[in-house]
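For reference, the structure discussed in these notes is given below.
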Amino acid sequence: MKRRLKIVIIGAGLGGVATAIELKRHGFDDVTILEKSPSAGGTWFHNTYPGAACDVPSQLYSFSYAQRRDWPSVCSPQPDILDYLNEVIDEHRLAPLIETGTTVTACNWSDAGARWTVSTADGRSWEADAVIVATGQLHKPAVPRIPGLQTFAGHTFHSAQWDHDYDMRGKRVAVVGTGASAVQFVPEVAQVAEHVDVFQRTGNWFLPRENRPYPGWFKAIIKYVPGVQPFRRRFWFNYCEALTAAIRHPKTFGRVLGLRSWIFMRRQLRDPEVRRKAWPHYTFGCKRVLFSSAYLPTLQEPHVDLITDPIERIAPEGVVTGDGSVHEADCIVYGTGFRTTDFMFPMDVTGREGQDLRETWTDGAFAHLGIAVPGFPSLFIVYGPNTNTSGGSIILYEEAQAGYIRQALERVRDSGAAALEVRHDVWAEADREVQSRFQGTAWTQCDSWYRDDQGRIVTNWPGYMREYVEATSRVDMSEYDLVPLPERVPA
Ligand code: NAP
């Protein structure tokens, strides 16, 4: 008889949900999802800032097995994405598996029991044959260490913890950071605030994103004409792969797409002073290319200032820049991103022979295919190291990971083993290969949130979506060792 595996998934965001669906569909019926928040949704539950949306077209930013023909526009706003995810959770009857309000503090492997114990902040624990860490890369808000931060007398919050009770009408708002989140909320804030100061450390490359609601006739075509939806999904897939080509080949494709961005920005930035300040000075595609047709015009509105003098400190009355100016503010919003390279930490993860995952990753986080680490049997990571995409849909990666993990667990189940563990030499060789594939790409040509403290690129996959899907399509058992079940002590 096949062994019934107990599986714990950490995180009920897109990755955790994708994995639970895959496991459930293939007969794994003892799955628990532990979620620290009061509700499922992950990044789409937390990021509710005005204008929050995905800049990846919804036809692609959705599960392959849960396609919708009624998206309101190319790129969906956050409430639609969260609704979609909750619908998928309902369709697959996942809700009973999810334990919300449950923060995992530790995952410990027992050599004697050949099992994991997953402990949570409220003192409970779960025994598991396999643990799937689906906490993602973008869930811990990063607030910069700026001197005087705590002395600010006004209101303040991070973009991922938006205070919707705070009324910005008639207020002076300072925004620190100009990444993918800020370019979405700055145009919205500027519509209500009396004055907005935008503090930029580095300029960005932009491409257009109009995102008008689809007209009725177009919606009808998508809904009723067979083949249109899959065609659009393929189209956006190839479009995103082209963006990756531009990043991988900065001297050829990168120049072409970079020129497209240059022309767009030149047209949008009519004010020479704002243009000078906003212009990026690094290779196109090195940092995430931003999609917005609303942000750069907003910077040129009379009540909006783009400030590029470095922030020196925060004072009770506002932000003080290096030139000595005090920029008074009623509210400071930190659009300063996430602690991307922390992965699942501060969670305590100990594997075989008490091995600490932090120590394994002293020289930089790495997992084979972003999923498996030697010394940590049947511990799988979803959206782990080197699986982020700068041009593509993370859902495609997560579905691929879910399929790979399911196959790995089928091997464990069918072989009667306790667990499986990636071989150290396979992991080390894969690490070398991934890092070598960054050579010559745009990613290496500036500093970004893709790098850890040592400068190593630990978040991104160095290739195309199709390569990742291919690489994870089949578990090669020659890359793994099976961990035997412990011998039962006679009663
Ligand atoms: P982000 O891209 O990491 O941007 C953070 C911003 O804060 C950057 O402009 C950064 O400047 C600035 N910053 C950080 N520390 C600072 C400091 N000490 N002083 C001044 N400025 C500072 O964060 P995000 O905008 O929240 O986006 C994070 C990721 O989430 C995105 O890259 C994307 O993958 C995802 N996201 C996706 C969408 C979507 O539509 N798909 C939307 C939002 C977010 P530097 O550039 O100089 O570091």
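The values are calculated or read from the model by the stated rules, or taken from the named source; none is laboratory data. If you're wondering where the values come from, they're calculated on a predicted model, not measured in any experiment. Here Cβ is always computed from backbone atoms with ideal geometry, including for glycine, and neighbour counts include all displayed protein chains. These accessible areas exclude ligands, DNA and RNA; they are computed on the full protein's heavy atoms, side chains included. Shrake-Rupley method; radii C 1.70, N 1.55, O 1.52, S 1.80 Å.
So the values come out like this:
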| read-out | value |
| --- | --- |
| Long pairs among Lys2/Lys24; Lys219/Lys287; Lys36/Lys140, criterion Cα-Cα beyond 24 Å | Lys219/Lys287 |
| Positive minus negative residues near Asp129 (Lys, Arg vs Asp, Glu; Cβ under 11 Å) | +3 |
| Accessible area in square angstrom per residue, the stretch 66-222, 1.4 angstrom probe | 46 |
| Volume per residue of the C-alpha convex hull in the stretch 291-392, rounded to whole Å³ | 176 |
| Taking the convex hull of Cα positions in the stretch 191-315, its mean projected area over all directions (nm²) | 10.8 |
| Inter-label distance, nm, simple model (7 Å from Cα along the C-beta direction), Glu487/Phe264 | 6.5 |
| Cα-based helix-to-principal-axis angle, 182-192 vs the chain, degrees rounded to 10 | 50 |
| Reference-scaled alpha-carbon Rg (2.2 N^0.38 Å with N residues) for the chain | 1.01 |
| Evaluated over the stretch 6-54, the Cα radius of gyration and Dmax, each in Å | 12.7, 41 |
| Diffusion constant of the stretch 2-148 at 25 °C, which comes from Stokes-Einstein with the Kirkwood Cα-pair radius and 0.890 mPa s, µm²/s | 147 |
| Cα long-axis angle, helix 253-268 against the chain (0 to 90 degrees, to the nearest 10) | 40 |
| Solvent-free Debye scattering, log10 I(q)/I(0), computed from the Cα coordinates of the stretch 354-452 at q = 0.14, 0.18, 0.19 Å⁻¹ | -0.60, -0.95, -1.04 |
| Per-selection Rg to Rh, the stretch 169-209 - Cα, Kirkwood hydrodynamic radius | 0.99 |
| Gyration tensor verdict on the stretch 100-149 (Cα atoms; rounded if a/c is under 1.5, prolate if a/b is larger than b/c, oblate otherwise) | prolate |
| Dimensionless Rg over Rh [the stretch 147-218; C-alpha; Kirkwood] | 1.05 |
| Theoretical ellipticity at 222 nm over the chain - DSSP helices of four or more residues, -39500 (n - 2.57) apiece, nearest 500 | -9000 deg cm²/dmol |
| Helix 78-91 vs. the chain, principal-axis angle (Cα, 0 to 90°, nearest 10) | 20 |
| Ranked packing of 389-399, 439-449, most packed first, by mean Cβ within 10 Å | 389-399, 439-449 |
| Values of log10 I(q)/I(0), in the order q = 0.27 Å⁻¹, for the stretch 323-368 under a Debye, Cα-only, solvent-free model | -1.11 |
| Contour excess over end-to-end distance, with Cα ends at Ala106 and Ala220 and 0.36 nm allotted per residue | 36.0 nm |
| Charge dipole magnitude, Cβ of K and R +1, D and E -1 - the stretch 364-462, Cα centre, debye nearest 20 | 80 |
| FRET efficiency estimate (nearest 0.05) - Cβ-Cβ, Gln435 to Asp356, R0 25 angstrom | 0.65 |
| 37 °C / 0.692 mPa s Stokes-Einstein diffusion coefficient of the stretch 401-463, Kirkwood radius on C-alpha pairs, µm²/s | 231 |
| Charge dipole of the stretch 289-433 about the Cα centre (unit charges at C-beta), most positive-ward option of Gln355, Gly391, Val289 | Gln355 |
| Neighbour net charge for Leu14 - beta-carbon separation under 11 angstrom, K R +1, D E -1 | -2 |
| Point-charge dipole on Cβ atoms (K/R +1, D/E -1) for the stretch 421-491, about Cα centre, debye to 20 | 180 |
| Chain lengthening between Lys24 and Glu467 when straightened (0.36 nm per residue, less Cα-Cα) | 156.9 nm |
| Per-pair calculated FRET efficiency, R0 = 25 Å: Ser73 and Val256 via Cβ, rounded to 0.05 | 0.40 |
| Where no second cysteine Cβ lies under 4.7 Å, the cysteines concerned in the chain | Cys54, Cys75, Cys107, Cys240, Cys331 |
| Selected from Pro144, Gly416, Trp236, residue furthest toward positive end of dipole (the chain; charges at beta carbon) | Trp236 |
| Carbon/sulfur fraction of accessible area - the chain, other protein chains in place, 1.4 Å, % | 51 |
